[in-house]
Structures are given as C-alpha cells and as structure tokens.
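The values are calculated or read from the model by the stated rules, or taken from the named source; none is laboratory data. Because the structure is a prediction, the values reported are computed rather than measured. Positions of Cβ are backbone-derived with ideal geometry, glycine not excepted, and every protein chain shown enters the neighbour counts. Surface accessibility is based on the protein's heavy atoms, side chains included, excluding ligands, DNA and RNA. Shrake-Rupley method; radii C 1.70, N 1.55, O 1.52, S 1.80 Å.
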Amino acid sequence: MWGGRFGESPDEIMEEINASIGFDKRFAAQDIRGSKAHAHMLAEKGIIAKADADQIVAGLDAISVEIEAGTFEFSRALEDIHMNIEARLKETVGEAAGRLHTARSRNDQVATDFKLYIRDTLDHLDGQLHALQEALVAKAKAHAATVMPGFTHLQTAQPVTFGHHCLAYVEMAGRDRGRFADARKRLNESPLGAAALAGTSFPIDREKTAAALGFDGPTRNSLDSVSDRDFVLETLSAAAITAVHLSRLAEELVIWVTPGFDFVRLPDSLTTGSSIMPQKKNPDAAELVRAKTGRVIGGLTSLLVVMKGLPLAYSKDMQEDKETAFDALDSLSLCIAAMTAMVTRLKVNEEAMRASAAKGFSTATDLADWLVRTLDMPFRNAHHVTGTLVAKAEAKGCDLDGLSLAEMQETEPRITEEVYSVLGIDNSVKSRTSFGGTAPDNVKAMAAFWEKALAGENKNGSAKP
C-alpha cells in the first residue's frame, strides 16, 4: 500500500492498532459516492481521460452491489474502507483505478465521508424525533384534561394535566431538532479537494464536487478542512442533550409504573419479567434509555479529549473519532425508537393520577392567590396565612378543603365560603389560563398547534405559536 518508501511490511501490532476497517466500513456508501463525484470532476476538467472515469464509476457501482449483497471481502491488511475499495477497484477495472486518487488524499476523503455520514444520520435522527413528537402530541390531545400532580423536588407542587406534561417533552424535542438542524447547516461544506493539508496543484473544481454531493459549497481553508471534527462534536453535543431529555422521561416512566404511583402501565411487549419473582413486570426499556445516556455523553467526552491539543493538520489520533461517535449515535437512535414505542403504547391510569393530585396540599398556591385577589392581601402575607392553614390541615389529617370555614377563619377572619371554589383540583387546572399554562383549553390549543406544525408547516420542530 505504501509503495517504495517502506522496505518491510507492518508489524502485527502495528496492523492491530492501525487498522480501522472493522468500524469505518460503514462509510462504504459515502466513500463510493464521494469517489464517483471526484472521478466525474477529474474527467470534466481533463485531469483524467473520460474513458478512465467511466471505468472507475462503473467499477464503483459494481463494488457497491457487492457490499450491499454482503459478498465484498474486507481486508485488515488494507487498513481502512478507502484502501479496501480502491484495491477492489483495481481488481475490477485495472490500471484506470490508479487514477482515482489524483488530486485528493485520504485526509480529505475521510473528512468528506464522515460529513456525508453525519449528515445522513442527522436526517435520520430528525425523522425519529418527529415521530416521537407526534406520539407525545397524540397523548396530549387525548389527556388534555387528565389531572395529575405536578412536582418540584419530586414533591407534590400544583395540579397539572398529563397532556401538559407530554407537551413539555414535545418542546424539548423541538429544541433538540433545532440543534440538529443547526449542526447540519454548519457541517454542509465539502472538504473534498483539500487533499492532504495544502490543497492541490491540479486544476480541480471543488464547487462541482461540492454540488454533486449536496453540499452548499467547498470549505475555504485546506488546513481546517482536514483537521476539523467540529461537525462530529456539535452533533454529539446535540445528541447528548437529546439523550438527557429522553433520560428524564425514562426516569418518570420508571417512577410512574411503580405500585406507589401506578400512573401509567406499559405493555407486556415493552417490559420484562424476573427469573425468580413471578409477579414482576420491569420497565427495562425505560431503564436502558436512562442508562444509555451515559454512552452518548461518553462519546462526546471521548472525542473532546481526542481533539484537545491536536496541532494542525491531520493526526492519526483522529481515527479515534469514529467508534465512539458511531456507538453514541446508534445508542441515541435506539433510545428514541424505544421511547416512541413506550409513549405510543402506554396506558394512563387517570384515577390514580387524579387521586394523587388531590393529595399533598396541591391547591395551596390557589388558596394564596385567592387571598391576594379577594382580600387584597400582599402575596407574602397570603403565603404565610396559607402555610399556617396547611400546617393546621396536616395536623388534622385532611387536605385544605377538609378544614371547616370556622377553622380557616381562626387564622384569617375575612375568609369566606367562596374559598372552597378554588380548592378543587379541577378548578385549579382550569384557572391556569396564562399563555403556556396547564388549563385544558390551553393544552388542546397547543396540541393543535404542534399537530399542524408537525404535519408540514415547520419541518425542523422549531416553530413557535
């Protein structure tokens, strides 16, 4: 492979540490696509003969068929996907294959392949997140008025609706899709033609190859072109945030399916049993989504460490950019698919949610607000009065609406019978009509907005009402 410079073959340990074909073979489609664009451009510029270019393209098409059919033999001795394809091309079309590498290097070749791969992956992940949003919106529409407790510190705070809760994750996924769209936009410049690091003396047309590969244009600096992995880092950063969002929903599902909550039930097909306890039905899919977040974050951290302190331009350290990125993005894709399945097929226990929402003095804020509105009490004073009434109800073993009017008036004589109208959980959620609030009408309107946006008005999930 190295021609006349080396007088002996690589040591076994050198081959072991140096070979990347075991993982970069997934670049095969992108590598062939880039090579075909390069060959066409070389012929059009008169750098190689059209007949040679035609043979090269036909040979690459034949190799693509072999790879898709699983008959292509990958060789560790040929190190990577680029040399494996080039060697097979020579076997297929003969000496013309040797002209393909004119005016390019494996440095710009791998950067181009990786950008094409990441771009394809971003499009795939965006489609998956779109499907997750649709599943969450469907649940939000169905449960716009299903009351559940809202939590802070995992302590009962105020009543909300399950539909409102689902829409919170729709918003998160929308931001995730926006970050992926931003990453895609920034990466969409072609490194092909930057060669090893300094460009080339051949009269190539980088604009043409960029257009042929769907890039907005060529990169503007050859050194940066081959040494840049920002596009992977940015994608992994967005992926890590997305995984964190999924882990939060996964954690809630794990909590909600426990007998202590019993808010939702997952189907048998998305749970597992126990080898010793016959009664168990474990939310393993949700637990694994929660855990795989570490792999996604780890992929980002790993590549940051690889790139830290690397001098320009290309260093072999950068071969370590792929395995962890592949693993992280594969893991994220699987997690989105699993979460979409769980959201779509979970059953909501409305009675358990409602009963829990009525506990824990969840309408205490409604009482404080009533004191402010009706008695013109400063909020801090109302907060103190309400806290006193909560303590009194707790001592009595009842909720706030279990206190008699006389017991309330012992703390604040101006309280009237009207106060009971704000202590019910249904009245509480209906009163939260501020924009973005949990009132059922708000939830229905926001679900309709997202349904319309996802149907086609806004493809990147970043729409705002």
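Take the conditions (1) in contact (Cβ under 8 Å) with a residue 24 or more places away in the chain; (2) closer than 23 Å to Leu197 by Cα; Ile63 misses just one of them, which is (2). Listed here are the helices (runs of 4 or more DSSP H) enclosed by the stretch 316-380 that have at least 3 residues being closer than 28 Å to Phe27 by Cβ: 323-345. Would the stretch 273-287 turn up any residue that is open to solvent by 60 Å² or more (accessible area, probe 1.4 Å) and in contact with an Asp or Glu (Cβ under 7 Å, 6 or more places away or on another chain)? No.
When you check Asp262 against the structure, is it of a type outside the set (Gly, Ala, Ser) and in contact (Cβ under 8 Å) with a residue 24 or more places away in the chain, yes or no? Yes; evaluated as a whole, the condition is true for this residue. Residues in the stretch 151-188 that are touching a residue at least 12 places away in the same chain (Cβ under 8 Å), assigned to a strand (DSSP E or B) and surrounded by fewer than 18 Cβ atoms within 10 Å (Cβ to Cβ): Gln155, Ala157. Can you confirm whether the stretch 441-449 contains a residue that is in contact with a Pro (Cβ under 6 Å, 6 or more places away or on another chain) and either open to solvent by less than 60 Å² (accessible area, probe 1.4 Å) or under 17 Å from His165 (Cβ atoms) (or both)? Yes, because at least one residue in the stretch 441-449 is in contact with a Pro (Cβ under 6 Å, 6 or more places away or on another chain) and either open to solvent by less than 60 Å² (accessible area, probe 1.4 Å) or under 17 Å from His165 (Cβ atoms) (or both).
Just one of the listed residues (Glu12, Glu86) is acidic (Asp, Glu), touching a helix residue (DSSP H, G or I) at 6+ places or on another chain (Cβ under 8 Å) and either touching a residue at least 60 places away in the same chain (Cβ under 8 Å) or not assigned by the TED database to the domain that holds Ser237 (or both), and it is Glu86. Report yes if Gly456 is under 30 Å from Leu129 (Cβ atoms), of a type in the set (Gly, Ala, Ser) and exposed (fewer than 15 other Cβ atoms within 10 Å of the Cβ), otherwise no. Criteria met by Gly456.
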